[in-house]
Each structure stands twice: as C-alpha cells, then as structure tokens.
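First up is the structure itself, then whatever we jot down about it.
The values are calculated or read from the model by the stated rules, or taken from the named source; none is laboratory data. What you see is a predicted model, and the numbers here were worked out from it, not measured in a lab. Don't worry about glycine lacking a Cβ; one is built from the backbone with ideal geometry, like all the others, and counts go over all protein chains shown. Heads up: the accessible areas ignore ligands, DNA and RNA and are worked out on the full protein's heavy atoms, side chains in. Shrake-Rupley method; radii C 1.70, N 1.55, O 1.52, S 1.80 Å.
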Amino acid sequence: LGIEDTKIALLVNGKKTILDPLGNGSYVWPSLSPDRTQLLAYEMARGAFVCDLQGNVVAKLGKRNAPVWTRDGKWIVYTEDRDDGQRVLSSDLFCISPDGKHVTQLTETKDITEMRPQCSPTEDRIVCATMDGEIYVVSYKEVGQ
C-alpha cells in the first residue's frame, strides 16, 4: 500500500491496482485496516475517508489529519491542529469511529503539540511526536458508551 503519482497504489497477491476513490484526488497517509478489508486515506482537498479495497467510499470523515487505525480497527486516531498559515500553534489527539458517527478527544494539552500518531499493533498505545522532537506514548482503554 502506498502512493503513486498522488493516487493510492494497492498490491494484492502480486497485482497492483491504482485507486482514485474520490475522483481526481491527491492522496496521503494511506493505511490498511487491521482486518485488511478497508483502506483509510486522506485526500488533500476533501479530508479523510474509508473505502473498500475496490475504492468504493464507505465513509467521508472530513479534516482528520494523519489518520491511523487502532490495532483492533474499531477507531481511527488523528490529530486536530490549529495553525496560523505558517506554523502549527497547537494539536491534540482525537479518535473517530470508521463510520464517522462517534468522535472522542484523547488529549487536551496546552504545552504539548501532538503530531503524527501511530498506533501499536499489539497494545492499546499510541505514539506521537511533538514539533520539538519529543516522543510521547499514550495508553488508552476502550470503555462502553
């Protein structure tokens, strides 16, 4: 899974497919769901979305920067940042359900700018970096709604 000429490149059983789920898109941050049935990506003008492996859009999630799947695929972690047009002023971690119906804020920090989250494939942990190069590990526990 990757990006080729701004489109999503998917390699399945040795066969490459180029996907353009939103039509005339410029994509970044593609990732495969843990069960390998869906793709998550970000289109530069239209935001994050989830699609099946054929490129059929399942959910449009909007501006959800640097989105990544949690290890069980029940949530998508992303950053919500604020900037002045030249630099990031603040950023916090949020998660959203893959259907876009539920959003939860994970961090609310005044002095830490969480960026580029990555979810552990084996534990309920999220690693992120700050603009200053610091690394933070956030542990989470899913609770009933």
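If the condition is being open to solvent by 90 Å² or more (accessible area, probe 1.4 Å) and closer than 13 Å to T113 by Cα, then region 123-133 contributes M131, D132. Just checking, does region 96-111 include any residue being part of a strand (DSSP E or B), within 24 Å of I3 (Cα to Cα) and within 14 Å of the chain's Cα centre (by Cα)? Yes: region 96-111 contains one or more residues that are part of a strand (DSSP E or B), within 24 Å of I3 (Cα to Cα) and within 14 Å of the chain's Cα centre (by Cα).
Taking the stated definitions as given, is V88 among the hydrophobic types (A, V, I, L, M, F, W, C), more than 15 Å from the chain's Cα centre (by Cα) and under 26 Å from Y27 (Cα atoms)? Against the criterion (among the hydrophobic types (A, V, I, L, M, F, W, C), more than 15 Å from the chain's Cα centre (by Cα) and under 26 Å from Y27 (Cα atoms)), V88 qualifies. Across region 105-114, not a single residue is classified as open to solvent by less than 40 Å² (accessible area, probe 1.4 Å) and either modelled with pLDDT of 95 or more or touching a helix residue (DSSP H, G or I) at 6+ places or on another chain (Cβ under 9 Å) (or both).
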